[in-house]
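Asks: Below: one structure in structure tokens.
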Amino acid sequence: MAQIPNLENAPVNLTSIREQSQKELINILKNVRGKKCLVIDPKLGDSLSLIIQTSILKEHGVELRHLSSDPIQTDCSKVVYLVRSQLILMRFICSNIHNDVSKGLQREYHVYFVPRRTVVCEKVLEEEKLHHMITIGEYPLYIVPMDEDVLSFELDLSYKECQVDGDTSSLWHIAKAIHKLEFSFGVIPNVRAKGKASVRIADILNRMQAEEPVNSTDMVVPEINTLILLDREVDMVTPLCSQLTYEGLLDEFLHINNGSIELDASIMGLQQEGKKTKVPLNSSDKLFKEIRDLNFEVVVQILRQKATSMKQDYTEMTTTSQTVSELKDFVKKLNSLPEMTRHINLAQHLSTFTSKPSFLGQLDMEHTIVEAQSYDICFDYIEELIHKQEPLTRVLRLLVLFSVTNSGLPKKQFDYFRRELLHSYGFEHIATLYNLEKAGLFKKQESKSNWLTIKRALQLVVEDTDTANPNDIAYVFSGYAPLSIRLVQHAIRSGWRPVEEILKLLPGPHLETKRGGFSNSPSFDTLSGVPTSIAKVPDGRRALVLVVFVGGVTFAEISALRFLSAQEGMAYDLIIATTKIVNGQTLVETFIEKSG
């Protein structure tokens, strides 16, 4: 099955975005004539696997290598480095070239920065006295389509960079990526933003439009009607809770990386002892598309039903005589057997994690913290985890959730937890705790928490959630409706105005604005509560809303948005863009300082 996702059913032409990126990369390779060695930084290699197939690169005389501190082993006289603008990668390149020079190798070097060059990186090449040997260029890869309704800007560390390091360069990248989309699909007329970073991106976007305008005369109506920008900081509760959708759980336990997971071949029923196998997960897999957004409890039932039904069909086939068309139907069903086997194996493997008392205990505790009713029980539970020396990410995940919902911890408890963590996990983690404190995730309580008010006003806790036939987004966490998606729901339904008072209780400013000369384009104010025909673009498709998560989004939130989009009476298609797909563990890990 293709690793590259099929984008044919995307609500806008994402294939053209991907093809443009392919073309730009191929042009770079064509400019370096003859046989060459393409050296990619490994993280970027993962992103490129969603853009272009390795076979296409090889057709252009490319020998592929991954960049590391080790010298490059190749006979090619031309070396093309394709790297993100990071200092550590510059050092690797310098060490590679110095190694070649010391061996007397004459090579032609090209360094292409993704998505753009930076002064700091070029300075390193100058200091090492290598810049005169290198041709420098850019590969403007700002957007990677992960699936037919999900785009990634591939900015892994943007949340920590903004919150802790004070580095806001990623905001320019996000605005640039959105502006790039506007060149393909027209200026987005309505913008709603919540959070410091989001409001700033909206501002940079307007400046970009003023300096490098998208020619709006070509398009009668822009393809994307509204842009909703949302800071991760506005809702840190959701990513810290354990996701309970099928795709969310796969990410929690098996870590989905750029649309695939890697696991032991034996788990997938393959007879390859000790070997790893890659399992692609995107909407090209029809069964995965059907079950990815469902609560895991329901997925197990569906897979059981499908297996039983296939077994019955097989029994009928072997015991009764069938017509040709009945045979044809049966063979068609058999075609889906590999997909079924794949997901039955995965679901079985996931069940070994979800049935563990430690996981069930953690779920209970998350619900207790979100309900904000039993402070002492939560305190004791986290204290016990620290004393048992449970994995640090697991402890910090609950501790941050506890701190965020309580607006920090009273000084005495804050100091106590700080001391216990350093004693249990080592004093090198003083930097980790500093990062969390600076980001406002684990801090001393300075004011009373308004979490209860927010929870009630936005109905974040939904009793008796029916996970099999959900009527609310709360099914993705079995009873907790993600705050971020409730805000998107309001932004789509009636704009920010009706929830203005609640927005003021959440971090950062908010903004609602109209852009471009599209006074005739339907705004949300005219769209809500009116026949959906108004919300159609001229060729009959539904109007489109682009929801951008600045600082990461979880698979459970994506599932909740897909659920909203599929509701009856919903006038819009939704497309999701994010700096990175995250979960509680990966988000907490970005704040943990690695020693050494």
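The values are calculated or read from the model by the stated rules, or taken from the named source; none is laboratory data. The structure presented is a predicted model; accordingly, all values stated were derived computationally and were not measured. Cβ coordinates were reconstructed from backbone atoms using ideal geometry, including for glycine residues, and neighbour counts include every protein chain displayed. Remember, those area values only see protein heavy atoms, side chains included, never the ligands or the DNA or RNA. Shrake-Rupley method; radii C 1.70, N 1.55, O 1.52, S 1.80 Å.
Asks: Just the accessible area for His179, please: 1.4 Å probe, Å², rounded to the nearest 10?
Replies: Rounded to the nearest 10, that gives 0 Å².
Asks: Could you grab the relative contact order for the chain? Cα pairs under 8 Å, six or more apart, rounded to a whole percent.
Replies: Details: 895 pairs, mean separation 110.6, N = 596.
Computed over the chain, the figure is 19 percent.
Asks: Identify the residues of segment 444-461 with backbone N under 13 Å of a label point that sits 7 angstrom from the Cα of Leu505 along the Cα-to-Cβ direction, or state none.
Replies: 448-461
Asks: How are the alpha carbon pair distances in the chain distributed across 10 Å bins from zero to the largest one, expressed in percent?
Replies: Spelled out bin by bin, the chain gives 3, 15, 24, 26, 20, 10, 3, 0, 0 percent.
Asks: Another question, if that's okay. Would you please give the FRET efficiency between Thr168 and Thr341, computed as 1/(1 + (r/R0)^6) with r the Cβ-Cβ distance and R0 = 60 Å, to the nearest 0.05?
Replies: So the FRET efficiency works out to roughly 0.80.
Asks: log10 I(q)/I(0), Debye, Cα-only segment 100-211, no solvent, q = 0.11, 0.16, 0.19 Å⁻¹?
Replies: -0.51, -0.89, -1.11
Asks: Efficiency by 1/(1 + (r/R0)^6): what FRET value for Ile88 and Ser309, r their Cβ-Cβ distance, R0 = 51 Å, to the nearest 0.05?
Replies: On the way: r = 53 Å, r/R0 = 1.04.
Given R0 = 51 Å and the Cβ-Cβ separation, E is 0.45.
Asks: If each of Lys438 and Glu8 carries a label point 7 Å out from its Cα toward its Cβ, how far apart are those two points in nm?
Replies: Taking the two extended label points, one gets 4.9 nm.
Asks: Given the convex hull of the Cα atoms of segment 441-524, what is a quarter of its surface area in nm²?
Replies: That works out to 8.1 nm², a quarter of the Cα hull's surface.
Asks: Tell me which residues come under 5 Å, amide H to amide H, from Arg84 once H is placed; ignore anything under 5 positions away on its chain.
Replies: Asp41, Val114
Asks: DSSP H helices in the chain with Cα extent of 30 Å or more along the helix axis and mean Kyte-Doolittle hydropathy at least -1.0?
Replies: 296-319
Asks: Something else now. Of all DSSP beta bridges located in segment 40-156, what percent are antiparallel, nearest 5? Intermediate values should be presented prior to the final figure.
Replies: On the way: 3 of 17 bridges.
For segment 40-156, the DSSP antiparallel bridge percentage is about 20.
Asks: Sort 491-504, 221-234 by the packing proxy (mean of other Cβ within 10 Å over each peptide's residues), most packed first.
Replies: Per-residue Cβ counts within 10 Å, averaged per peptide and sorted highest first, yield 221-234, 491-504.
Asks: Calculate how many DSSP beta bridges within the chain are antiparallel, expressed in % of all such bridges and rounded to the nearest 5. The partial results should precede the final answer.
Replies: On the way: 17 of 62 bridges.
Taking every DSSP beta bridge with both residues in the chain, the antiparallel ones total about 25 percent.
Asks: Please tell me which of these pairs span more than 31 angstrom C-alpha to C-alpha: Lys412/Lys455; Lys43/Lys411; Lys123/Lys594? Before the final figure, lay out each step's value.
Replies: On the way: Lys412/Lys455 26 Å; Lys43/Lys411 40 Å; Lys123/Lys594 26 Å.
Among Lys412/Lys455; Lys43/Lys411; Lys123/Lys594, the Cα-Cα distance tops 31 Å for Lys43/Lys411.
Asks: Once you put a point 7 Å from the Cα of Leu157 and another 7 Å from the Cα of Lys411, both along the Cβ direction, what distance in nm separates them?
Replies: 3.5 nm
Asks: OK, next. Counting DSSP beta bridges in segment 156-284, what percent are antiparallel, to the nearest 5?
Replies: That works out to approximately 55 percent antiparallel.
Asks: State the cysteines of the chain left without a partner when partners are defined as other cysteines whose beta carbon lies under 4.7 Å away.
Replies: Result for the chain is Cys94, Cys121, Cys162, Cys241, Cys378, no neighbouring Cys Cβ within the cutoff.
Asks: Another question, if that's okay. Based on the Cα atoms of segment 381-505, what semi-axes does the equivalent ellipsoid have, where each is the square root of 5 times one gyration tensor eigenvalue, given in whole Å with the largest first?
Replies: 33, 19, 12
Asks: For Asn471 and Glu420, compute 0.36 nm times the residue count separating them, minus their Cα-Cα distance, and round to one decimal in nm.
Replies: Computed gain between Asn471 and Glu420 is 14.0 nm.
Asks: Let me ask something additional. Using the per-residue mean of other Cβ atoms lying within 10 Å as a proxy for protection, in what order, highest first, do the peptides 273-280, 552-559, 65-72 fall?
Replies: Numbers: 273-280: 12.5, 552-559: 27.4, 65-72: 15.5.
Final packing ranking: 552-559, 65-72, 273-280.
Asks: Can you return the aspartates and glutamates within cross-link range of Lys35? Criterion is Cα-Cα under 15 Å, with same-chain partners fewer than 8 residues away left out.
Replies: Glu59, Glu63, Asp75, Glu108
Asks: When the convex hull of the Cα atoms of segment 441-490 is projected onto a plane and the area is averaged over all directions, what value comes out in nm²? All intermediate terms of the calculation are to be shown ahead of the outcome.
Replies: On the way: hull surface 17.9 nm².
Value for segment 441-490: 4.5 nm².
Asks: Using label points projected 7 Å from each Cα along Cα→Cβ, tell me how many nm separate Lys388 and Ser494, to one decimal.
Replies: With each label placed 7 Å out from Cα toward Cβ, I get 4.5 nm.
Asks: If I model segment 135-266 as equal point scatterers sitting on the Cα atoms and use the Debye formula, what is log10 I(q)/I(0) at q = 0.13, 0.16, 0.22 Å⁻¹?
Replies: -0.71, -1.01, -1.45
Asks: Considering only Cα-Cα distances, which of the following residue pairs are longer than 25 Å: Lys276/Lys388; Lys278/Lys311; Lys448/Lys580; Lys58/Lys180; Lys194/Lys514?
Replies: Lys276/Lys388; Lys278/Lys311; Lys448/Lys580; Lys58/Lys180
Asks: Treating each Cα of segment 252-308 as an identical point scatterer and ignoring solvent, apply the Debye formula and state log10 I(q)/I(0) at q = 0.16, 0.20, 0.29 Å⁻¹.
Replies: Log10 I(q)/I(0), no solvent term: -0.63, -0.93, -1.15.
Asks: Given the Cα-Cα distance of Val101 and Met570 and 0.36 nm per residue of separation, how much length would full extension add, in nm?
Replies: Full-extension gain reported as 162.5 nm.
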